[in-house]
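Novice: The structure that follows is given in the form of C-alpha cells.
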Ligand SMILES: [Zn+2]
C-alpha cells in the first residue's frame, strides 16, 4: 500500500485548481465524452448522497422512502467512522441497513483525494482499495456505479473505468441526454443555498419535457447543513416535486434496465 493511498482527505482540506489552466482543463475533460450514451426511453431521476454522512443514511434515506423511492450512496471507505464538516460519517451497519432497505451502494475512492492530480495507476489503486474495504465491511454485491471525489477526473481515468463501472458521475451541473458521457455524468448539487433547490426543481421540469437522466446529489441532511449538504425540508420539497412530476425515480442500478443498449451508443 502506498503512503499516498493512506492519506484520507476531508472536504475541508481540498482546494480545487481554480487557475485558468485548471478550469480549461476541467472543461475539456468534461466535454470529451469517451462513452457517449443515448437518452433513456423515459426520463429518470436519481437521488444520490456522496461519501456518505450518517445523516444522509438516516434523514436522506427517510425522505426518499417517504415518497416510495430509493437512493444511491457513493461510499468512501477512508471516511467511514470519521467525522468532518459534513458530520459523522457512515459505519458498516449504516451501509448494510441501507442495502437491506433496497438502496444502492455506489463507489467513491478510499482516500477521497482529487483523481485529476494523481497518476491513473494511483487512482485505480485507490478505487480498488475502496471496493475491497467495502467488501470487508460486509458489502456482498460490488458497486457498479462510481462518483469522482470533487467531480475531478482525467480522460485516462475515464477510459480506464469504462469497463470497471457502468457509470461514473461528476458534479458539473446539467441533465444527461443523448451524447452525455456514461463515464462523466452530470448532476445537480444541493447545498444550503436555496437557489440549488430551485435549480433542481427546474431540472425536473426540463426532464419532464424531454427524455433525460437527472442526477441530484448532496452530502449531509441536517438542520444546520455543511456547505455541501441541505436540510430535510429542502430535500423533501425536491423529492415531492420529483414524485408529482410522474418521472421514474430510480437508483443507477435500477435505471440500467431502462437504458438497454442505450448506455453504449
Ligand atoms: Zn465525496
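Novice: Expressed as a fraction of 2.2 N^0.38 Å, the rule-of-thumb size for a compact globular protein of N residues, what is the C-alpha radius of gyration of the chain?
Specialist: Ratio of Rg to 2.2 N^0.38 Å for the chain: 0.92.
Novice: Now, a different point. What is the packing order of peptides 210-219, 125-134, taking the mean over residues of other C-beta atoms within 10 Å and listing the highest first?
Specialist: 210-219, 125-134
Novice: Here's a follow-up. I'd like the FRET efficiency for residue 155 and residue 20, computed as 1/(1 + (r/R0)^6) with the beta carbon distance as r and R0 of 22 Å, rounded to 0.05.
Specialist: 0.70
Novice: Right, another one. When the chain is treated as a GNM, springs tying every alpha-carbon pair under 10 Å, which of 66, 43, 226 comes out with the largest mean-square fluctuation?
Specialist: Most flexible of the set in this elastic network: 66.
Novice: Let me ask you something else. Any idea how far the Cα center of segment 138-164 sits from the one of segment 28-64, in Å?
Specialist: What the calculation gives is 13 Å, centre to centre.
Novice: Now for a separate question. In terms of the Cα gyration tensor, with a ≥ b ≥ c the square roots of its eigenvalues, is segment 24-95 rounded because a/c is under 1.5, prolate because a/b exceeds b/c, or oblate?
Specialist: Cα axes put segment 24-95 in the oblate bin.
Novice: When the helix-only estimate is applied to the chain (DSSP H runs of n ≥ 4, each -39,500 (n - 2.57), divided by the residue count), what is the mean residue ellipticity at 222 nm, nearest 500 deg cm²/dmol?
Specialist: -10000 deg cm²/dmol
Novice: As an exercise, take the mean of 1/r over every pair of distinct alpha carbons in segment 101-232, invert it, and state the Kirkwood radius in angstroms.
Specialist: For segment 101-232, the Kirkwood estimate is 15.9 Å.
Novice: Fully extended, how many nm does the chain gain between residue 96 and residue 41 (0.36 nm per residue separation, minus their Cα-Cα distance)?
Specialist: 16.6 nm
Novice: 7 Å from Cα along Cα→Cβ at both residue 264 and residue 210: what's the point-to-point distance in nm?
Specialist: 2.7
Novice: A further question on this structure: Which of these, 114, 50, 181, has the largest mean-square fluctuation under a Gaussian network model of the chain (Cα springs below 10 Å)?
Specialist: Of 114, 50, 181, the Gaussian network model singles out 114 as fluctuating most.
Novice: Report the relative contact order of segment 41-263, percent, no decimals, based on alpha-carbon pairs under 8 angstrom and at least 6 residues apart.
Specialist: Reported relative contact order: 28 percent.
Novice: Measuring from label point to label point, each 7 Å out along Cα→Cβ, what is the residue 163 to residue 58 span in nm?
Specialist: 4.4
Novice: Name the most mobile residue of 145, 117, 108, meaning the one with the largest mean-square fluctuation, in a Gaussian network model of the chain with Cα contacts below 10 Å.
Specialist: Largest GNM mean-square fluctuation: 117.
Novice: Testing the spin-label approximation: label points 7 Å from Cα along Cα→Cβ at residue 65 and residue 173. State their distance in nm.
Specialist: 3.2
Read-outs throughout are calculated quantities, based only on the coordinates presented, and are distinct from any laboratory measurement. Bear in mind that the values here come from a model prediction, so they are computed numbers and not experimental data. Backbone-built Cβ (ideal geometry, glycine too); neighbour counts: all protein chains shown.
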